[in-house]
Amino acid sequence: MESNSKAAPPQAFAGAVAALSALGHETRLAVFRLLVKAGPDGLPAGRIAEDLAVAPSTLSAHLAQLERAGLLRSARAERRILYAVDFIGTRRLLAFLLDDCCQGQPELCGVALPSADCGDPACAPSLKGTPR
């Protein structure tokens, strides 16, 4: 069977590989899931470390990898660093993974993803007090 969709550009593959690699570690996956639950305001790094019982120095490396992969955003708020899911980056990953679903027609598979550039303020985290 041939697919009706166009091949994804190489940079899309590179971004997907980076994101999937970042999520391929138990601690990073737990961080990502915790921040998805926290919503667009995110959580301070100390709270993430506390909730997941991870040493702050260890957590820092995990947060950095998730941020480099385009799955998290960070912002300084006074003396704390807040982390939140980068919903645009996450939507890009999901769109890439599901792009060829049902021969390039993901709506047939019951998958409805908003565009990665959806224009909705909910697509980007607010990180309490920082501009969107």
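Computed from the coordinates by the stated procedures, all read-outs in this text should not be read as laboratory data. Computed from a predicted structure; not experimentally measured.
Across the stretch 91-97, in residue order, what do the Karplus-derived ³J(HN,Hα) couplings come to in whole Hz, using 6.51 cos²θ - 1.76 cosθ + 1.60 with θ = phi - 60° and x for Gly and Pro?
Karplus values, whole Hz, x for Gly and Pro: 5, 4, 4, 4, 5, 4, 5.
Report, to one decimal in Å, the Kirkwood hydrodynamic radius for the stretch 36-109 based on all distinct Cα pairs.
Computed over the stretch 36-109, the radius equals 13.8 Å.
Subtract the Cα-Cα distance of ARG76 and ASP100 from 0.36 nm times their separation in residues, and report this length gain in nm to one decimal.
Once the chain is fully extended between ARG76 and ASP100, it gains 4.8 nm.
If each residue of separation counts as 0.36 nm, what is the full-extension length gain between ALA12 and VAL36 once their alpha-carbon separation is subtracted?
Here the segment from ALA12 to VAL36 would lengthen by 6.4 nm.
Return the sequence-ordered ³J(HN,Hα) values of the stretch 59-67 in whole Hz as given by the Karplus equation 6.51 cos²θ - 1.76 cosθ + 1.60 applied to θ = phi - 60°, using x for Gly and Pro.
4, 4, 5, 5, 4, 4, 5, 5, 5
Can you list the residues, at least 5 places off or on another chain, whose amide H is less than 5 Å from the amide H of HIS25, using H built in the peptide plane?
none
With θ set to phi - 60°, apply the Karplus curve 6.51 cos²θ - 1.76 cosθ + 1.60 along the stretch 21-29 and write out the HN-Hα couplings as whole Hz, x wherever there is a Gly or Pro.
5, 4, 7, x, 10, 4, 5, 5, 5
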